[in-house]
Amino acid sequence: MVIVATVLLSAMWSLAKVLSARYPVEEVSFFRSVLAFIPTGVMVAAKGGGALLHTRRLGGHVWRSVVGVTAMVLGFVSYHLMPLADAVSISFTAPLLVTALSVPLLGEKVGLARWGAVIVGFLGVLLIIQPGGAMVNLGSLAALGGAVSSALVMVTLRQLTRTENPVTIVFYYTVFSSLLTALPLPFVWVTPNGRDWGLLILLGLVGGSSQYFMTRALELARAAVIGPFNYVSLLWAALFGWVIWGDVPAPHVFAGSAIVVASGLFVLYREVRKTPD
């Protein structure tokens, strides 16, 4: 399930990169959100229907949607401006940021080993973007901003999942993200041509389906088992980038990505062990 989710997620990133070259990112984000109602509806129907829509955490769902839409828009901007694998590599700092943010926001204890992994991971990011080089641009800044927003999403999800069903969370995110991304449409709308209507529809279906398969994976196995497989999407992103745009990551991107992934896996390992260091 998680492997299918990573393939679909990488396909969504690729579609977003293609479409963002011709349409405003806000419009692309809207189609990603609103068409996800189809796979989300399947999830709701399969898991109990209307009973899942009851929530006492509406404010939490709104906040999760705000930071989620921010992460999505900034991610799409970075995919548009950078080679796909480079942008995705930077986005994988999100789990490291969660470790840092869990101290002030969740009151969790983080020992020296995990702080060390966070620092090493960000050294990997510096290797990818090479401060002072050509990669320090709006694209890399958008990717970093998207990673920060994604980390806030993960922290919020930790809080919501204490009382909310995962399918309920997906449903309300789909509702509120559709509303939020619809707000700028009157000011930025560009009417798609026939072929691009199909790509925009596919974007939403693929993105929503990736959420469905990831949710099913988390139902079938512990998050600690699922987590490492998320990094496979970096390989898919590199493959899609090479096949579609002929992008081959530079050696420093490969090296930096390996450092970021290794740091993230180490943090996951320490959290699974539930030790303070």
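Please treat every number below as a calculation from the coordinates, not as lab data. Keep in mind that what you see is a predicted model, and the values were worked out from it rather than measured. Positions of Cβ are generated from backbone atoms using ideal geometry, with glycine treated the same way; all protein chains shown enter the neighbour counts.
Quick notes
- The slack between L220 and I3, meaning 0.36 nm per residue of separation minus the straight C-alpha distance, is 76.8 nm.
- Residue among A113, P39, V28 farthest towards the positive dipole end of the stretch 2-273, charges placed on Cβ: A113
- Cα gyration tensor, the chain - rounded (a/c under 1.5), prolate or oblate: oblate
- The charge dipole of the chain, taken about its Cα centre with unit charges on the Cβ atoms of Lys, Arg (+1), Asp and Glu (-1) only, comes to about 680 debye.
- If R0 is 25 Å, the Cβ-Cβ spacing of R22 and T161 corresponds to a FRET efficiency of close to 0.10.
- Tensor-based shape of the stretch 1-129 (alpha-carbon gyration tensor, a/c under 1.5 rounded, otherwise prolate or oblate): oblate
- Label-point separation in nm, V62 to V103, each point 7 Å along Cα→Cβ: 3.2 nm
- Calculated FRET value between R195 and A46, using beta carbons and R₀ = 41 Å, to 0.05: 0.80
- Environment charge of L97, counting only residues whose C-beta is closer than 15 Å and scoring Lys/Arg +1, Asp/Glu -1: 0
- When the chain is treated as a Gaussian network with alpha carbon springs shorter than 10 Å, the biggest mean-square fluctuation among L97, L106, L81 belongs to L106.
- Seen from all directions on average, the stretch 146-277 presents a Cα convex hull projection of 11.2 nm².
- The Cβ shell under 15 Å around E219 holds other residues with a net charge of +2, Lys and Arg each +1, Asp and Glu each -1.
- Descending by average beta-carbon neighbour count within 10 Å, the peptides 40-48, 24-32 line up as 24-32, 40-48, the highest first.
- Within the stretch 193-255, trypsin sites (Lys or Arg not before Pro) in DSSP loop having at most 11 other beta-carbon neighbours inside 10 Å: R222
- Rounded to the nearest 20 debye, the dipole size of the stretch 34-137 about its Cα centre is 420 debye, using +1 on the Cβ of Lys and Arg and -1 on the Cβ of Asp and Glu.
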